[in-house]
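The values are calculated or read from the model by the stated rules, or taken from the named source; none is laboratory data. Keep in mind that this is a model prediction, so the values were computed, not measured. Methodologically, a virtual Cβ is constructed for each residue, glycine included, from the backbone with ideal geometry; neighbour enumeration extends over all protein chains shown.
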Amino acid sequence: MNRRTALAFFIFLLPLLSQAQVKAYPIDAWHSSISFHTKFGGLLPVKGSLDRFWGTVLLDESDLARTSATITIDTKSISTGVGMRDKHLKSKDFFEVEKYPQMTFTSSKVVRSDDGFTMKGVLDLHGVTKEVEIAFALVHGEQPDPWKNFRVTLQGMLEINRLDFGIGEGQVGISEKVSIELIISARVFNTETIALFNRPFGQKMVMAFEEGGIVKARKVLGQLKLAGDKDAIKPASFEFLYLKLKQGGKIKLSMQAAALFAEVFPENAEALSQLGYSYYENKQHKEAVSAFQKALSLDKQESLALEMLKHLNN
């Protein structure tokens, strides 16, 4: 291959290499936090948190401008440490949590500046959809945690005016401006430490795929179900099975495991999303898009599908 041909080939290959660097990480809410602070009467600081949330982060450590995220938050999980105040915040005077049980942030793009990175996106809160900006930084790239899981952490800050979202209109005791801090830790499980693979389902299903692919795996799964194996009816078992095969370097078999997951749980949006992601990893983008679209037809807030469709459509 001469120099000119090599250069042309590299230019052709570069978009594919760049795309492959983007990795999806499910948010680990147990080790993340979303906190806020404002002022009471414009004088005294009031702090609180939103304790239940979930979502997906797409990350390319070599280019943070390609970072993307979708986060959904349970508004009923708002907490300030004062019961009466929390009850008031959940009422019609503020968040109206019975009517608006969730808020969602979906990023649209990341802008690089001299000060770092800003994630722009849409915040859907209290029936109002409005563009917001989150200044963020990568706390650390992918590293193993104490359980050997593959973990990344980001930190972000934003400020909103609650009146822009129709929250607390006429409530003069709380400042209009609210500052929000996000510490988002996201991880992919390392199946070396998953107890499932010390039990019959994990051991027999891995062996079945290795010996006869999805055909034998279907047969073994039927046997496990007849034997009353509880792992055989849990969606998480199939998610870990897919990861186990992939992390063992058996990419084609992992895609078959994802297909079996979607076959056994056809109404499970996460199963369809995992199938879509396995197609994506195997460069079958048309099939990936179809699977992600099916996932969203089952759950319009399925964050992996939302994130991957944004990525594939860019």
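Among the candidates ILE167, ILE174, ILE214, ILE183, the residue that is among the hydrophobic types (A, V, I, L, M, F, W, C) and in contact with a Gly (Cβ under 7 Å, 6 or more places away or on another chain) is uniquely ILE174. Tallying residues that are more than 21 Å from the chain's Cα centre (by Cα), of a type in the set (Val, Ile, Thr) and not in a strand (DSSP E or B) within the stretch 33-92 yields 2. Considering only residues of the stretch 72-87 that are touching a Phe, Trp or Tyr at 6+ places or on another chain (Cβ under 7 Å) and of a type in the set (A, V, I, L, M), which is farthest from ASP299 (Cα to Cα)? Looking at residues that are touching a Phe, Trp or Tyr at 6+ places or on another chain (Cβ under 7 Å) and of a type in the set (A, V, I, L, M), I get ILE78. Looking at the stretch 63-101, which of its residues are closer than 27 Å to ASN314 by Cα and not charged (D, E, K, R)? Correct list: LEU64, ALA65, THR67, SER68, ALA69, THR70, ILE71, THR72, ILE73. Determine, yes or no, whether ILE160 is in a strand (DSSP E or B), within 23 Å of VAL22 (Cβ to Cβ), assigned by TED's automatic domain parsing to the domain that holds ILE183 and aliphatic (A, V, I, L, M). No; evaluated as a whole, the condition is false for this residue.
When GLY166, GLY127, GLY170 are checked against the criterion of being touching a strand residue (DSSP E or B) at 6+ places or on another chain (Cβ under 7 Å) and farther than 17 Å from THR67 by Cα, GLY166 stands alone in meeting it. For the stretch 219-230, give me each residue that is within 18 Å of GLU263 (Cβ to Cβ) and under 29 Å from the mean Cα position of the chain (by Cα). The answer is LEU221, and nothing else.
If the condition is being modelled with pLDDT under 95, surrounded by 14 or more Cβ atoms within 10 Å (Cβ to Cβ) and not in a strand (DSSP E or B), then the stretch 172-198 contributes SER175, GLU176. Looking only at the stretch 127-134, decide whether some residue is of a type in the set (Gly, Ala, Ser) and in a strand (DSSP E or B). Scanning the stretch 127-134, I find no residue that is of a type in the set (Gly, Ala, Ser) and in a strand (DSSP E or B), so the answer is no. Selection of the stretch 121-157 for residues being over 22 Å from VAL22 (Cβ atoms), surrounded by 15 or more Cβ atoms within 10 Å (Cβ to Cβ) and aliphatic (A, V, I, L, M) yields LEU123, LEU125, VAL132. Screening the stretch 108-120 for residues that are at negative phi, assigned to a strand (DSSP E or B) and not hydrophobic (A, V, I, L, M, F, W, C) and picking the one that is surrounded by the fewest Cβ atoms within 10 Å (Cβ to Cβ) gives SER113.
Does any residue of the stretch 83-104 turn out to be surrounded by fewer than 15 Cβ atoms within 10 Å (Cβ to Cβ), closer than 18 Å to LEU304 by Cβ and assigned by TED's automatic domain parsing to the domain that holds ALA24? There is no residue in the stretch 83-104 that is surrounded by fewer than 15 Cβ atoms within 10 Å (Cβ to Cβ), closer than 18 Å to LEU304 by Cβ and assigned by TED's automatic domain parsing to the domain that holds ALA24.
Reported count of residues in the stretch 172-194, each being in contact with a helix residue (DSSP H, G or I) (Cβ under 8 Å, 6 or more places away or on another chain) and among the aliphatic types (A, V, I, L, M), is 4.
Considering the stretch 42-61, the residues that are in contact (Cβ under 8 Å) with a residue 60 or more places away in the chain and touching a Ser or Thr at 6+ places or on another chain (Cβ under 8 Å) include one that is nearest to LEU304 (Cα to Cα), namely THR56. One residue alone among GLY249, GLY222 is part of a helix (DSSP H, G or I) and either in the same structural domain as GLY212 (by TED's automatic domain parsing) or among the aliphatic types (A, V, I, L, M) (or both), and that residue is GLY222. Of all positions in the stretch 213-225, none carries a residue that is out of contact with any Ser or Thr (no Cβ under 7 Å at 6 or more places or on another chain) and under 30 Å from THR67 (Cβ atoms). Can you tell me which residue among LEU296, LEU312, LEU272 is closer than 23 Å to THR104 by Cα, of a type outside the set (Lys, Arg) and touching a His at 6+ places or on another chain (Cβ under 8 Å)? Step by step, each of LEU296, LEU312, LEU272 is checked, and only LEU312 is closer than 23 Å to THR104 by Cα, of a type outside the set (Lys, Arg) and touching a His at 6+ places or on another chain (Cβ under 8 Å).
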